[in-house]
Amino acid sequence: MTVQLILFFILAIVAVLTAVGMLVSKNAVYAALYLILNFAAVAVFYLLLNAPFLAVAQVTVYAGAIMVLFLFVIMLLGAEKLGQSQVQAWQRPLAIGLGLILAAEMVYILVSGAGGLVVASQGTTINPDFGSPANVGMELFTKYLLPFEVTSVLLLVAIVGAIVMTRVEKK
Amino acid sequence: MVPVMYYVILSAILFIIGALGVLIRRNAIVVFMSIELMLNAANLAFVAFARQYAATSGQLFVFFVMTVAAAEVAVGLALIVAIFKTKASINVDQINTLKG
């Protein structure tokens with residue numbers, strides 16, 4: 001067993017356990033903290049997969065900015081323990097059943113290769129600078145320049161939307 | 001190198017946990033966090049396949065997904081705050097009327 005494989009399994013256990021922790025924790029703040037750990041584990045996966053730029057972006061954007069926003073809103077609303085009561089009693093068992101069906105379908109597709117998902121176990125050999133910030137930036141600003149610019153418009157719309165949504169309406 | 005299939009299976013597990021979170025939890029903020037978990041699971045599969053096929057495009061798509069997620073969170077949390085202001089609740093079962 002190589003070092004990479006051992007690292008993968010340890011991180012996989014961390015990622016799955018933190019995801020389950022987010023799912024079952026009663027307090028929304030704990031759920032957010034579990035999710036931050038999960039994002040950090042995924043960031044290390046990105047490092048294993050030769051994507052250092054994405055790993056750093058994951059930590060700053062996801063674990064940093066987005067989760068801080070989540071924690072801020074949870075604490076602003078005092079919503080740590082809200083939303084516990086189930087209105088429909090049949091809803092939770094049904095949800096678990098549907099989740100298990102989804103899991104069974106995914107296992108079937110992955111095992112049988114029905115989705116055309118047959119890949120060689122050995123990856124393509126890559127350049128040493130694959131996924132480096134310079135490489136990613138070159139591709140982003142040449143081949144994907146238009147999507148990049150559209151992204152800026154999307155962020156502008158999000159900013160305007162967020163401000164309009166939380167504005168106090170004058171009567 | 002770790003086989004790409006392992007990453008795909010891990011990504012599928014994380015996605016299913018996220019989907020379960022959306023279905024089971026009633027707190028709108030936790031539902032939102034589960035959606036983030038699902039986006040992240042998809043990102044992981046993208047990066048795994050980008051490494052497998054030595055294609056930088058896969059990594060760039062993750063970059064765009066991150067941007068969309070950030071925009072979505074900003075608007076979504078603003079919506080939750082607005083709903084909380086009018087209904088004093090973020091239980092998704094109680095948000096069943098369209099007019100505030």
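Descriptive notes on the structure:
- Within the range A:143-171, being surrounded by 11 or more Cβ atoms within 10 Å (Cβ to Cβ) and part of a loop (DSSP other than H, G, I, E, B) holds for A:Lys143, A:Tyr144.
- Criterion (more than 10 Å from every other protein chain (Cβ to nearest Cβ) and of a type outside the set (Phe, Trp, Tyr)) met by exactly one of A:Leu11, A:Leu37: A:Leu37
Quick grid of which residues meet (1) at pLDDT 90 or above; (2) in a helix (DSSP H, G or I):
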{"position": "A:Gly97", "(1), (2)": "yes, yes"}
{"position": "A:Ala103", "(1), (2)": "no, yes"}
{"position": "A:Ile109", "(1), (2)": "no, yes"}
{"position": "A:Ala114", "(1), (2)": "no, no"}
{"position": "A:Leu117", "(1), (2)": "no, no"}
{"position": "A:Ser121", "(1), (2)": "no, no"}
{"position": "A:Thr124", "(1), (2)": "no, no"}
{"position": "A:Asp129", "(1), (2)": "no, no"}
{"position": "A:Phe141", "(1), (2)": "yes, yes"}
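- Of all residues making up the range A:130-171, the number that are at the interface with another protein chain (Cβ under 9 Å from one of its Cβ atoms) and among the acidic types (Asp, Glu): 1
- Residue check for B:Ala71: part of a helix (DSSP H, G or I), more than 11 Å from the chain's Cα centre (by Cα) and under 25 Å from A:Ile163 (Cβ atoms): yes
- Filtered residues of the range A:45-78 (kept if over 20 Å from B:Leu60 (Cβ atoms) and not in a helix (DSSP H, G or I)): A:Gly78
- Residues satisfying the stated conditions in the range A:1-23, i.e. surrounded by 14 or more Cβ atoms within 10 Å (Cβ to Cβ) and either among the charged types (D, E, K, R) or in contact (Cβ under 8 Å) with a residue 40 or more places away in the chain (or both): A:Leu7, A:Phe8
- Assessment of the range B:44-51 against the conditions (at pLDDT 90 or above, closer than 30 Å to A:Leu94 by Cα and facing chain A (nearest Cβ under 7 Å)) yields at least one matching residue.
- Residue within the range A:55-64 that is out of contact with any Asp or Glu (no Cβ under 7 Å at 6 or more places or on another chain), modelled with pLDDT of 90 or more and surrounded by fewer than 17 Cβ atoms within 10 Å (Cβ to Cβ) present: yes
- Members of the range A:132-147 that are in contact (Cβ under 8 Å) with a residue 60 or more places away in the chain and of a type in the set (D, E, K, R): none
Every residue, every condition in (1) at the interface with chain A (Cβ under 7 Å from one of its Cβ atoms); (2) in contact (Cβ under 8 Å) with a residue 24 or more places away in the chain, yes or no:
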position	(1), (2)
B:Val2	yes, no
B:Leu14	yes, yes
B:Leu37	yes, no
B:Ala42	no, yes
B:Phe64	yes, no
B:Lys87	no, no
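- Scanning the range A:1-44 for residues that are among the small types (Gly, Ala, Ser) and in a helix (DSSP H, G or I) yields A:Ala12, A:Ala15, A:Ala19, A:Gly21, A:Ala28, A:Ala31, A:Ala32, A:Ala40, A:Ala41, A:Ala43.
- Summed over the range B:66-80, the residues that are in contact with a Ser or Thr (Cβ under 7 Å, 6 or more places away or on another chain) and under 19 Å from A:Val59 (Cβ atoms) give a count of 1.
- In the set (1) surrounded by fewer than 24 Cβ atoms within 10 Å (Cβ to Cβ); (2) farther than 28 Å from A:Ile6 by Cβ; (3) not aliphatic (A, V, I, L, M), B:Arg25 fails one condition alone, (1).
The values are calculated or read from the model by the stated rules, or taken from the named source; none is laboratory data. All values reported here derive from a predicted model rather than from experimental measurement. Cβ atoms come from the backbone with ideal geometry, glycine included; neighbour counts cover every protein chain shown.
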